[in-house]
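What follows is a single structure, written as structure tokens, with notes after it.
FYI, it's all coordinate maths here, none of it is from the lab. Computed from a predicted structure; not experimentally measured. Here Cβ is always computed from backbone atoms with ideal geometry, including for glycine, and neighbour counts include all displayed protein chains.
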There are 4 protein chains.
Amino acid sequence: MSTTNGEPRRGRGRPRTPGAEERIIDAALEEYGEHGWAGFTMDGVARRAGVGKSTVYLRWQDKDSLLTEAVSTRTGAIGAVDTGTLRGDLTQLADNLFRQFREPAGWASLRITFDAAGAHERLGRFTEAVADVQVDAIGRIVQRAIDRGEVPATVIPDWLTACVYGAVTMETLGARLEARELTDEDIAERSAAIIELVMDGALGRSS
Amino acid sequence: MSTTNGEPRRGRGRPRTPGAEERIIDAALEEYGEHGWAGFTMDGVARRAGVGKSTVYLRWQDKDSLLTEAVSTRTGAIGAVDTGTLRGDLTQLADNLFRQFREPAGWASLRITFDAAGAHERLGRFTEAVADVQVDAIGRIVQRAIDRGEVPATVIPDWLTACVYGAVTMETLGARLEARELTDEDIAERSAAIIELVMDGALGRSS
Amino acid sequence: MSTTNGEPRRGRGRPRTPGAEERIIDAALEEYGEHGWAGFTMDGVARRAGVGKSTVYLRWQDKDSLLTEAVSTRTGAIGAVDTGTLRGDLTQLADNLFRQFREPAGWASLRITFDAAGAHERLGRFTEAVADVQVDAIGRIVQRAIDRGEVPATVIPDWLTACVYGAVTMETLGARLEARELTDEDIAERSAAIIELVMDGALGRSS
Amino acid sequence: MSTTNGEPRRGRGRPRTPGAEERIIDAALEEYGEHGWAGFTMDGVARRAGVGKSTVYLRWQDKDSLLTEAVSTRTGAIGAVDTGTLRGDLTQLADNLFRQFREPAGWASLRITFDAAGAHERLGRFTEAVADVQVDAIGRIVQRAIDRGEVPATVIPDWLTACVYGAVTMETLGARLEARELTDEDIAERSAAIIELVMDGALGRSS
DNA sequence: AATTAATCGAGACGGTACGTCGGGTCTTATG
DNA sequence: CATAAGACCCGACGTACCGTCTCGATTAATT
């Protein structure tokens with residue numbers, strides 16, 4: 001995470017250049033998108049952002065921190081949906097997720113999460129930002145459905161979360177491995193199919 | 001992949017040390033498990049394996065190749081299950097997956113897959129080994145169920161695959177991020193729950 | 001050299017802090033004495049002097065200028081001697097030189113002179129301050145001796161200068177390399193010996 | 001000094017490239033000569049020598065060590081003279097010194113010696129190489145003269161040393177500060193004058 | 001008193017060099 | 001031939017310093 005705290009640290013010296021943070025994060029995501037982890041260099045980021053290396057290191061302690069934050073700040077509010085029905089909400093959520101993973105920054109976010117879960121250290125605030133926050137999204141969606149009497153109160157949101165997130169992730173992974181771009185139509189179709197499977201089951205209730 | 005071909009290529013000079021390949025792969029997985037991608041160095045692997053760097057580079061052309069193969073050779077036959085019922089097969093499959101991801105090598109395999117899917121190049125043979133082969137496993141399982149008349153022929157195996165793999169992956173990810181070890185009981189319970197959700201849906205068919 | 005001109009430039013704004021110049025020069029000499037040229041940093045000087053860097057750069061344009069002036073302002077009037085005899089004057093002069101080189105600032109002055117004579121540029125005013133001024137001192141001393149008829153008019157002051165300065169320099173260098181401090185007695189003895197050698201020669205005129 | 005020890009450390013690995021040491025030292029002297037201490041960079045030296053930085057740092061632990069050794073290895077045998085008379089030997093010696101100081105490496109050697117005598121540390125072997133060895137040269141010259149009965153045994157070689165070295169140094173310094181090149185004729189004349197002064201004194205024995 | 005203008009301490013800025021370390025190649029002596 | 005050792009060139013790492021810049025806070029001389 002950045003070393004900047006909320007309060008602007010209004011003190012004596014020259015204030016930090018306002019746009020720099022943003023420019024560096026943009027540059028970082030572009031570099032990462034173009035070259036992957038190997039080939040993602042701090043010198044390259046600084047050069048692309050048009051700042052000195054010290055300006056970067058003044059804000060992030062090392063390469064990992066920069067990339068981690070760059071990626072997490074670009075992770076939007078996926079779960080801010082309210083269509084009125086559970087099926088609609090979940091479908092919209094899956095749709096949002098697909099679109100997020102289609103972007104380099106969104107996919108990078110996932111890669112970094114998996115990496116962080118491997119090394120037994122330094123996951124820090126990243127867990128909350130990427131995992132908890134988004135898990136809560138489904139929690140609220142399901143809770144609204146229970147309140148409306150749409151589903152029985154026995155449904156456990158976490159299990160739904162795992163299934164929906166997992167399915168979207170795997171479909172995206174498959175598409176990426178085959179170098180196949182997901183069109184908006186693909187996404188709509190897959191989202192509907194996933195939610196149908198999760199809500200109705202594979203045994204053909206709809207039949 | 002390794003440059004060794006099946007035939008031992010017995011020629012004039014000193015034959016390759018028999019155990020080296022294995023020792024290097026073990027060392028690679030241990031290093032990757034301990035330090036992650038950054039901090040996974042060829043010097044470190046060679047030193048830990050007790051061999052020279054040239055011995056490593058004689059068998060793998062670069063760092064990626066070594067790690068990729070190291071990880072894929074440790075990926076067992078997950079889908080070799082046949083319990084007689086679709087539900088049993090899938091539950092067993094999910095169980096196997098959980099156990100695989102619990103191991104460092106198994107989890108590393110997943111990380112590398114995600115990494116490979118980021119860079120738009122050089123995924124090579126890895127796709128087949130990790131993705132296709134395992135996707136086929138579910139294909140066969142479902143096909144047997146259709147043949148038995150257990151499920152309608154309209155079920156699309158790929159969608160089941162994504163959901164089951166995805167759910168197991170996400171549950172494991174969550175556990176890892178919270179530094180929570182999955183016991184055998186946890187795994188059995190989660191496997192059953194996932195398969196129940198996938199087969200019966202969230203709307204409470206069991207009710 | 002400093003950009004301050006003699007007249008205090010009294011205008012509207014806040015006047016320069018009176019003691020700052022002196023404190024900075026002191027700090028510069030101490031830093032140079034402790035760490036040498038490498039390790040002599042402007043940040044260090046400013047911190048030690050308790051001023052901001054801008055205060056330093058407002059007075060000297062760069063590192064070299066500061067160090068050069070710091071050193072030359074501490075170089076006292078070496079040649080202001082008049083004992084009545086040539087031998088006495090020269091002995092006193094050598095004595096003064098020894099004492100100057102024993103001080104960190106004096107020795108630093110010498111180091112910088114040698115450094116300036118290496119790079120074929122930017123010696124500027126320093127030459128006059130350190131070299132010419134002091135050379136003139138001996139010139140005047142010898143001229144007085146000629147006027148008194150003490151020595152023939154054929155004596156060339158420059159050659160005497162080189163010999164006396166050089167001998168003192170070399171003796172000091174030797175002592176420093178052996179980490180040997182020169183006491184006042186040492187200095188008196190060496191000064192007398194040097195002047196005796198220069199005036200009478202090595203062939204034993206005194207014999 | 002270099003970290004290479006006398007024994008060639010004949011072991012298993014690839015032997016150090018034979019010419020590298022020399023090429024690096026040459027490059028270092030050229031860079032130092034062109035740019036002075038500031039502007040003398042390790043990257044520049046490595047690039048000019050056509051080697052990697054690690055190759056440089058494998059042999060010298062830091063910038064100072066490299067420059068120090070570079071300079072001391074180029075300091076030839078100044079005192080290897082034997083003309084048969086003391087006056088001839090000393091004149092030849094002064095001549096050699098002048099020529100040495102005229103070269104960039106020779107003058108750099110002097111600068112570094114003065115620098116080393118300032119910082120109270122890390123002079124190491126440099127003292128012997130540059131100071132003692134050359135001091136001994138005059139010692140032997142004077143001893144031969146005493147043996148021949150040319151001068152009384154009371155002459156102290158160290159004092160002669162200081163005077164001759166010092167005078168040559170100061171004359172060279174003066175010439176450099178005035179950006180005046182010393183021709184061979186200048187050198188011959190100055191050498192003779194210095195030795196005459198030292199041997200006969202300033203009071204005009206020749207008169 | 002209010003305004004103006006220069007200086008002050010502090011410290012961020014774009015660069016550049018430092019000394020370290022890892023990647024992948026190459027070269028030896030030893031199996 | 002393969003091997004262990006390790007030197008090689010390259011380039012990124014994270015740190016430190018240079019000389020510049022921008023800030024809020026002083027501090028006079030001028031309105």
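Note that segment A:151-167 has calculated 3J(HN,Hα) couplings of 10, x, 6, 7, 5, 9, x, 4, 6, 4, 3, 4, 5, 5, 4, x, 5 Hz, one per residue in order, obtained from phi through the Karplus relation 6.51 cos²θ - 1.76 cosθ + 1.60 (θ = phi - 60°); glycine and proline are x. What the phi angles of segment B:139-144 give under the Karplus curve with 6.51, -1.76 and 1.60, with θ = phi - 60°, is a coupling list of x, 5, 4, 5, 4, 4 Hz, glycine and proline written as x.
Have a look at D:159, D:177, D:193 and report the one farthest towards the positive end of the charge dipole of segment D:134-207, computed about the Cα centre with Cβ charges (Lys/Arg +1, Asp/Glu -1). Value: D:159. Calculated on the Cα set of segment C:152-194, radius of gyration then Dmax: 12.8, 41 Å.
Placing a label point 7 Å from Cα along the Cα-to-Cβ axis, residue A:185 is separated from the same position in the other copies by 5.2, 9.6, 10.7 nm, shortest listed first. Reducing segment A:62-88 and segment D:32-78 to their Cα centroids gives an inter-centroid distance of 53 Å. Taking the number of Cβ atoms within 10 Å of each Cβ as an exposure proxy, the fewest-first ranking of C:181, D:189 is C:181, D:189. Scalar couplings 3J(HN,Hα) for segment A:84-92, obtained by applying the Karplus form with A = 6.51, B = -1.76, C = 1.60 to θ = phi - 60°, are x, 10, 4, 4, x, 4, 5, 4, 4 Hz; x denotes Gly and Pro. Listed by chain and number, the lysines whose alpha-carbon sits under 22 Å from that of residue C:63, ignoring those within fewer than 8 places in the same chain, are C:53, D:63.
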